Amino acid sequence: MPTKDSRSIHNILTTVRTIALVGASEKTNRPSHEVMEYLQQHGYRIIPVNPRLEGQKVLGETVYADILSLPEPVDMVEVFLAPERTDAVIDQAIELKVPVIWMQIGVINEAGAARAEKAGLTVVMDLCPKQEIPRQGIPAVGAEK
């Protein structure tokens, strides 16, 4: 069962440092762009993933086609895709043993979440870290409380 427990969310957001953001957009009015920028401002390293933008830069970071192409391990995969397009990303995250899969608000894939959890990954679903960081009172990464 995907976590919505406040303590678990707090733990994730205070231990994760590098995030692959799947569904990254170069369009500044898109939620994925806004969340990526917010997370960067809070000290997280965000690696954008979008096959359409592969090789381009979004918010100063090179975009990769998929999470299997990433140049370094990540602590979390954040998913901004329609639910029916999430299975491949979930399976790649399982293959790479990424500790956390975070599916954005409205991105619900119960079967995929169950597969990931069975493989030992933590799953957050139907929540937004941009909303959870202030709700949890989490300071920017590296900032003193």
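Tell me, yes or no, whether segment 66-78 has at least one residue that is farther than 16 Å from Leu21 by Cβ and not in a loop (DSSP other than H, G, I, E, B). Scanning segment 66-78 turns up no residue that is farther than 16 Å from Leu21 by Cβ and not in a loop (DSSP other than H, G, I, E, B). Within the option set Ile108, Ile101, Ile133, being under 21 Å from Ser6 (Cα atoms) and out of contact with any strand residue (DSSP E or B) (no Cβ under 9 Å at 6 or more places or on another chain) holds for one residue only, Ile133.
Which residue, of Pro83, Pro134, is closer than 19 Å to Ile9 by Cβ and surrounded by fewer than 21 Cβ atoms within 10 Å (Cβ to Cβ)? Selected residue: Pro134, the only one of Pro83, Pro134 that is closer than 19 Å to Ile9 by Cβ and surrounded by fewer than 21 Cβ atoms within 10 Å (Cβ to Cβ).
Within the option set Ile105, Ile46, being of a type in the set (Val, Ile, Thr) and under 11 Å from the mean Cα position of the chain (by Cα) holds for one residue only, Ile46. Counting residues in segment 9-30 that are at pLDDT below 95, part of a strand (DSSP E or B), over 13 Å from the mean Cα position of the chain (by Cα) and within 25 Å of Lys118 (Cβ to Cβ) gives zero. For segment 86-128, residues that are surrounded by fewer than 24 Cβ atoms within 10 Å (Cβ to Cβ), assigned to a strand (DSSP E or B) and not aliphatic (A, V, I, L, M) total 1. Under the condition of being surrounded by fewer than 16 Cβ atoms within 10 Å (Cβ to Cβ) and either assigned to a helix (DSSP H, G or I) or not charged (D, E, K, R) (or both), the residues counted in segment 41-58 number 6.
The values are calculated or read from the model by the stated rules, or taken from the named source; none is laboratory data. Note that the structure is a prediction, hence the values are computed from the model and not measured. With ideal geometry, Cβ positions are generated from the backbone for all residues, glycine too; neighbour counts draw on all protein chains shown.
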